[in-house]
Amino acid sequence: MRWIPLFATNFLGVFNNNFIKNLICFVAVGWVSGKGEDNSFIVTLASGLYVVSYVLFSPLGGRLAKWYSKKRIMVLAKLAEIPVFIFSITGFYFQNLTMVMTGIFILGLISTLFSPSKYGLIRDIDGEKGISYGTGTLEMLTFFGVLLGTLAASLISDHFDIILLSGISVFSSLLALFSIYKLKVAEEPEDKTEKETLNPVLFFIKSYKWASAMQGTNAVIAGLATFWMIGNLIQMNLMVHCPNTLHMTNTETGIVMTFAAIGIGLGSYITGILSRGRIAVRLTPIGGIGMIVSLLLLYFLQPTGWFFTGFVFIAAFFCGVYMVPLSAYIQNQIKGRKQGDIIAYSNFTSFLFILISSGLFGFVSMTIDTNTVFLMLVIIVALMTLLMTVQVPTMRIFRKKMNNSAPK
């Protein structure tokens, strides 16, 4: 029962943010010109605006998690989200692209400021033994939130109803506020002794040097950032590839994206269970290999219908296997209030990668085609998996074991 308020708040917040963001991608293209070629532009813009705050304000989120009660930060964040959702709904009513894109930016900013507090609460709830379980379940619910938010957006976009949009968004935000208010947790003492820079460039340089003292940490943070880059690229590519190449409706596209979210969520949950309270980083290369194989099949076979959906599900499942050990590793690396710094550094790196991925997607999808995006994903996953296998000590043990078991 002690986990439920945090899990529920996370799920509802992710659902609501993705519901609004994906609804923009499905609906707003008609406000621009009504032409299918505008899909890539709208998807790239919405994704970029949502994540740019993480690049600019992650240091501030880390400081808040150290200086103040993490539960209080989350309560205030959920309060602040309510008027933002109302503002975004108003933008949908007037079909005003500037208003809805502004709403997406502000929602991203709020998420940036409370994210280190949210992940920092995992250790506070159940200590070190709960890190793998808490992380795996939290990430599973994150992707189920993405799943339902995407599916709801696709269904409503085909039969748009402003009243239903308002009811879903406002009710979800109020329920999330109630959930986090009910959380009971004994937090680490607040720490205001250190005043880190809030300049994002200086913060990144300082954090990189600090993490370099812990062997493999920077590689793991880069690996986790690559996961978010992959997830963002898959989501953006499906939103363009499905309607433009496979000629699917918004609802059918939403179903494919739902299976992708189920895959990531299921992979995350199973990995959390298999870890059995340990930080099982050796599962990450298995996830990387699984992604490489399934994405290569997507690129070369170019399947359609349910075969396409099945390959997307398999790739997403291994994506979840790849991610959970990395996230648990980062949370276990630093104890106490200093944990907010490493989570902020990880968030900064992750969303810098996501921002880069939005630009890459726009370039590749508009200059070549969306099928080539799958090949680009293969290259990214292969390079990062190789880097981590070389740099992370526990993954090197995995590599040696494989070598020792080979025939001589």
Would you check which residues across region 279-303 are in contact (Cβ under 8 Å) with a residue 40 or more places away in the chain and either over 22 Å from L246 (Cα atoms) or among the β-branched types (V, I, T) (or both) and list them? I279, A280, V281, R282, L283, T284, P285, G288, I289, I292
Would you confirm whether or not region 331-341 contains a residue that is part of a helix (DSSP H, G or I) and among the hydrophobic types (A, V, I, L, M, F, W, C)? no
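Here's the yes/no breakdown for (1) hydrophobic (A, V, I, L, M, F, W, C); (2) out of contact with any Pro (no Cβ under 7 Å at 6 or more places or on another chain); (3) within 23 Å of T271 (Cα to Cα):
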| position | (1), (2), (3) |
| --- | --- |
| N96 | no, yes, no |
| M99 | yes, yes, no |
| L113 | yes, yes, no |
| D124 | no, yes, yes |
| G136 | no, yes, yes |
| H159 | no, yes, no |
| I205 | yes, yes, no |
Is it the case that L183 is within 30 Å of V29 (Cα to Cα), touching a residue at least 60 places away in the same chain (Cβ under 8 Å) and out of contact with any Gly (no Cβ under 6 Å at 6 or more places or on another chain)? no
Condition broken by N371, with the remaining ones in (1) touching a helix residue (DSSP H, G or I) at 6+ places or on another chain (Cβ under 7 Å); (2) without any contact (Cβ under 8 Å) to a residue 24 or more places away in the chain satisfied: (2)
So, restricting to helices (runs of 4 or more DSSP H) that lie completely within region 146-264, which ones have at least 1 residues that are modelled with pLDDT of 90 or more and over 30 Å from G62 (Cβ atoms)? 162-181, 217-244
Based on this model, can you work out whether L326 counts as assigned to a helix (DSSP H, G or I) and either within 24 Å of G145 (Cα to Cα) or under 17 Å from the mean Cα position of the chain (by Cα) (or both)? yes
Across region 135-166, what is the number of residues that are buried (at least 24 other Cβ atoms within 10 Å of the Cβ) and over 14 Å from the mean Cα position of the chain (by Cα)? 2
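The values are calculated or read from the model by the stated rules, or taken from the named source; none is laboratory data. Quantities reported herein were computed from a predicted structural model and do not represent experimental measurements. In this analysis, Cβ positions are derived from the backbone assuming ideal geometry, glycine residues included, and neighbour counts consider all displayed protein chains.
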